[in-house]
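Inspection log for the structure reproduced underneath, given as structure tokens.
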Amino acid sequence: MNPTQDLLRADNISLTFPNGNGGLHVLDSISLEVSPDEFVCIVGPSGCGKTSLLRILAGLLEPSSGQVVFSGERLARPQRRIGFVFQQANLMPWRTAHNNICLPLELAGIAREEKQDRSRSLIELMGLQGFEEMYPRDLSGGMAQRVAIGRALVHEPDVLLLDEPFGSLDALTRERMGEELLRIWKAHRGTLLMVTHSIPEAVLLADRVIVLSERPARVVLNLEIPIPRPRSIDLTYTEEFGSLAAQIRGEIRVNVD
Amino acid sequence: MIPIAIGFALLLWELASRWSGLPAFILPSPAAVFNRTVRAIQDGTLIRHTLATLIEVLGGLILGTVSAIILGYGLAKSRTVERFLSPYIVASQSIPIVAIAPLLVIWFGPGRLSKIMISALIVFFPILINTIVGIRSVPDDLRDLMRSLLATRWQIFSRLEVPAAMPVLLGGLKVGATLSVIGAVVGELVGANEGLGFLINIGRGVYDTTLVYTAVIALVALAMTLFSLVVLLERHLLAWRDTGEPKL
């Protein structure tokens with residue numbers, strides 16, 4: 001089915017939003033690919049169209065030109081096998097944490113018992129025991145985002161797209177959530193593609209970091225992160241980490257000026 | 001606090017009827033009204049007419065709410081439909097309901113149907129507006145979430161749009177519940193042979209002012225009961241808004 005190794009691939013994707021004077025050029029022929037079980041981060045200056053790119057990769061947004069290929073087939077609309085985590089937790093406030101996590105199963109018409117089993121294991125994995133019956137308004141930002149990640153994982157998608165999932169969290173919670181994500185990824189396996197604007201976060205978490213330029217966004221760097229796993233937050237003080245981060249930061253700065 | 005407030009009002013009323021020098025057919029004492037109410041309950045008139053009004057009110061509320069939700073959903077979903085229909089809707093709302101009530105009684109007869117129609121008409125607008133606002137308030141991210149999970153139209157409607165619009169919709173229903181009573185009474189005052197509005201007309205005609213007061217009190221009780229029922233419904237359906245537990 002698929003000659004190459006990639007699971008999700010973008011071929012020359014461009015995006016122009018129509019507006020008064022000729023359109024807003026957001027993405028400029030972006031090509032990238034993600035292999036199975038790989039953890040890739042996309043970094044770029046804010047407002048460069050990272051979210052739009054991710055929405056295109058999820059099949060939620062049609063590119064102006066180019067195509068997305070998902071496990072060998074052209075992606076024309078959203079797929080259940082592609083999970084999506086939004087910037088804000090984006091929970092349904094009228095559903096408890098447990099029922100938010102169950103939503104994808106419910107929509108797919110999964111039987112009750114299986115639903116219970118799967119949601120229970122997800123709640124355990126996400127460290128949400130004791131919070132099942134709480135409503136989103138009673139959850140902290142970090143907890144809400146855990147529920148959101150649980151919801152995205154519950155139907156076991158092949159690839160998980162995360163759009164700055166920790167962007168609205170405070171710095172300490174953010175670090176914790178990064179480590180949690182690594183733990184979950186290790187336990188769950190699977191392919192992750194995460195948009196972030198935090199360079200240290202990207203270097204700490206990813207196998208590979210893709211750097212985008214300012215709008216219209218192009219891929220300006222595709223950097224392997226050779227730091228062995230398991231990685232911990234203490235790595236951020238090492239020289240190797242520093243030089244990788246500096247390389248990414250330099251690339252962003254050059255392309256901003 | 002409520003019993004004290006009611007007691008205070010009754011006291012003022014009693015004092016006013018005693019010392020204002022107004023004749024009893026203009027301002028009867030609370031005791032006289034109370035006696036008249038007891039008599040009206042005992043001979044069955046109050047129950048009969050309250051029941052008649054209640055049926056009209058419920059009929060109007062249900063008809064008005066259901067049709068407003070259906071049309072409101074259509075308007076919220078389609079800008080074209082909204083542009084086409086909104087002049088008619090706004091125009092129909094600028095006609096005072098009292099002015100067209102006689103017309104509706106001519107069209108639908110002096111029976112219950114005309115009261116149900118008037119009540120439905122007056123309930124319609126606030127529910128319509130709140131339905132549109134409610135459906136349009138559904139966050140785009142949640143719509144995207146439903147799309148990314150391949151939700152069907154029905155699933156988007158039942159799992160997202162209905163619960164998301166519910167707070168605003170119930171706000172409209174609160175307004176609608178009290179308006180529905182007004183609508184039914186307006187219809188009864190124009191022409192009817194039963195109901196609390198009819199009772200008011202009778203009382204006025206025979207200078208039985210205490211009966212007018214009795215009917216008005218029954219109307220207030222009816223409207224307040226309806227309103228409280230919507231509040232209870234709201235508390236039950238929107239329990240997720242305020243669970244009162246500390247943030248963790």
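Read the figures in this text as sums done on the coordinates, not as results from a lab. This is a predicted model, so every value here is computed, not measured. Every residue, glycine as well, gets a Cβ built from its backbone with ideal geometry; the counts of neighbours run over all protein chains shown.
Kindly point out which whole DSSP H helices in chain A project their C-alpha atoms 24 angstrom or further along the helix axis while averaging a Kyte-Doolittle hydropathy of -1.0 or above. Result, helices passing both filters: A:171-188, A:239-256. State the Cα centre-to-centre distance between the range B:139-178 and the range A:94-114 in whole Å. Between the Cα centre of the range B:139-178 and that of the range A:94-114, the gap is 17 Å. Here is the size of chain A from its Cα atoms: Rg then Dmax, 18.3, 57 Å.
About its Cα centre, the range B:140-200 has a charge dipole of approximately 220 debye under the convention of +1 per Lys or Arg Cβ and -1 per Asp or Glu Cβ, with nothing else charged.
Measuring nothing but how far apart in sequence close Cα pairs (under 8 Å, 6+ apart) lie, relative to its length, the range B:149-248 scores a relative contact order of 27 percent. Using the Stokes-Einstein relation with a Kirkwood hydrodynamic radius computed over Cα pairs, the translational diffusion coefficient of the protein assembly as shown at 4 °C and a viscosity of 1.567 mPa s comes to 47 µm²/s. Derived scalar couplings between HN and Hα for the range A:226-234 equal x, 5, x, 9, x, 9, 10, 5, 5 Hz in order, rounded to whole Hz, by the Karplus curve 6.51 cos²θ - 1.76 cosθ + 1.60 (θ = phi - 60°), x for Gly and Pro. Seen against the Cα atoms of chain B and their longest principal axis, helix B:79-94 is set at about 10 degrees. Across all Cα atoms of the range B:189-235, the radius of gyration (one decimal) and Dmax (whole number) stand at 13.5, 44 Å.
Taking amide H positions as modeled 1.01 Å from N, with prolines and chain starts lacking one, the residues under 5 Å from A:Val195 and 5 or more places away or on another chain are A:Ile42, A:Leu162, A:Asp163, A:Glu164.
Between the exposed loop cleavage positions of chain B, defined as chymotrypsin sites (Phe, Trp or Tyr not before Pro) in a non-H, G, I, E, B DSSP state with at most 15 neighbouring beta-carbon atoms within 10 angstrom, the longest gap is B:26-206. Here the alpha carbons of the range B:34-236 define both size measures, Rg and Dmax, at 20.0, 69 Å. Mean per-residue shielding of peptide B:148-161 is 4, counting Cβ atoms of other chains within 10 Å of each Cβ. Using the rule -39500 (n - 2.57) for each DSSP H run of four or more residues, divided by the residues of chain B, the 222 nm mean residue ellipticity is -27000 deg cm²/dmol. Which residue, chosen from B:Gly21, A:Pro230, B:Val81, occupies the Cα position most advanced towards the positive end of the dipole of the protein assembly as shown, where the dipole is computed from +1 (Lys, Arg) and -1 (Asp, Glu) charges on Cβ about the Cα centre? With unit charges placed on the Cβ atoms, the residue in question is B:Gly21.
For A:Ser14, the residues whose amide H sits under 5 Å from its own are A:Ser29, A:Ile30, A:Ser64, A:Ser65, A:Gly66, ignoring neighbours fewer than 5 places away on the same chain, with H placed 1.01 Å from N. Calculated over the range A:16-69, the projected area of the Cα convex hull averaged across directions stands at 4.4 nm².
Over the range A:115-257, the Kirkwood radius and the radius of gyration, each from Cα atoms, give a ratio Rg/Rh of 1.00. Backbone phi angles across the range A:66-79, fed through the Karplus curve with coefficients 6.51, -1.76 and 1.60 (θ = phi - 60°), yield HN-Hα couplings of x, 8, 10, 10, 10, 5, x, 10, 5, 8, 10, 8, x, 10 Hz in residue order; Gly and Pro are listed as x. When shorter helices are ignored and each DSSP H run of at least 4 residues is given -39500 (n - 2.57), the per-residue value for chain A at 222 nm works out to -11000 deg cm²/dmol. Mean separation of Cα pairs under 8 Å and 6 or more residues apart, divided by the residue count, gives chain A a relative contact order of 25 percent. Using C-alpha pairs under 8 Å with a sequence gap of at least 6, the mean separation divided by the residue count of the range B:34-236 gives a relative contact order of 30 percent. In this structure, the amide hydrogen of A:Ala217, modeled 1.01 Å from its nitrogen in the peptide plane, lies closer than 5 angstrom to those of A:Leu27, A:Asp28, counting only residues at least 5 positions away or on a different chain. What angle, in degrees between 0 and 90 and rounded to the nearest 10, separates the Cα long axis of helix B:209-237 from the longest principal axis of the Cα atoms of chain B? Its long axis makes an angle of about 20 degrees.
3J(HN,Hα) along the range A:40-49: 10, 10, 10, 10, x, x, 5, x, 8, x Hz, from the Karplus curve 6.51 cos²θ - 1.76 cosθ + 1.60 with θ = phi - 60°, whole Hz, x for Gly and Pro. Relative to the longest principal axis of the Cα atoms of chain B, helix B:45-77 runs at roughly 20 degrees. The alpha carbons of the range B:82-164 occupy a box of 54, 25, 18 Å along the principal axes, longest dimension given first.
Model label sites at A:Arg77 and A:Glu224, defined 7 Å from Cα along the beta-carbon direction, differ in position by 4.0 nm.
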